[in-house]
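Right, one structure below, let's go through it.
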Amino acid sequence: MFSLSDQIIDGEALKASMLHSQAGAFICFEGWVRNHHQARDVRGLQYQSYASLAEAEGEKIIQEARQKFDVITVRCVHRIGELTIGDCAVWVGVTAAHRDAAFMASRYVIDEIKQRVPIWKKEHYREGSSEWLHPNA
Amino acid sequence: MVQVKVLYFASFQEAAGTASETLTVENSLLSLFEQLKTRYGFKFQSSQIRVALNGQFVSWDAEINDGAEIAFIPPVSGG
């Protein structure tokens, strides 16, 4: 399950939602807002999405992960809106019977999301300017 | 000619000065993008971006229907 959220991500609640009696491994990846980008001081950022396409593409990635790896549950929540330093920007959780599949599936999900899902980050810099990021262009 | 709604995101939205607009266009995603790139000064070539039609990624030669929703997707930066 993939979703977008304009509210603070509650990692503990998400983790609790992953509990499963067949799960022997739970891997969680959280992407956090850090205070710098390539030597510039960042004071916060904004995420914008093309919501309907982002949800469809995100869900596709989750289903791909479920097909490629022997996992039980795969879940991802991505923030949109204004975030400050330390906020959780993206949460990926995977349960599996064994750790290898959980590690691989979580890595797959976050990597594909960064490549394919129409979400954009605008960094607000401490000196006052802001900039949309379009990597690998 | 067909009437379409074009959506703009991120730096495209900043350059266009709007999140969306309704336009009457020829039936070609590529020529529409080239026109908009010239009009608004988008910093990307068509080969660097993706295009979505009615909420789905499509190839540049996809047919535009009347009333279509078109979004040009500059390189993404989520995560």
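When the range A:42-52 is examined, which residues are found to be of a type outside the set (D, E, K, R) and either in a strand (DSSP E or B) or surrounded by 21 or more Cβ atoms within 10 Å (Cβ to Cβ) (or both)?
Hits for the range A:42-52 are A:Val42, A:Gly44, A:Leu45, A:Gln46, A:Tyr47, A:Gln48, A:Ser49, A:Tyr50.
Residues in the range A:63-77 that are without any contact (Cβ under 8 Å) to a residue 40 or more places away in the chain and aliphatic (A, V, I, L, M): 1 in all. Exactly one residue out of A:Leu45, A:Leu4, A:Leu53 is aliphatic (A, V, I, L, M), under 30 Å from B:Gln56 (Cα atoms) and touching a Lys or Arg at 6+ places or on another chain (Cβ under 7 Å): that is A:Leu45.
No lab work stands behind these numbers, since they all come straight from the coordinates. Note that the coordinates shown come from a computational prediction; the quantities given were computed from them, not determined experimentally. Don't worry about glycine lacking a Cβ; one is built from the backbone with ideal geometry, like all the others, and counts go over all protein chains shown.
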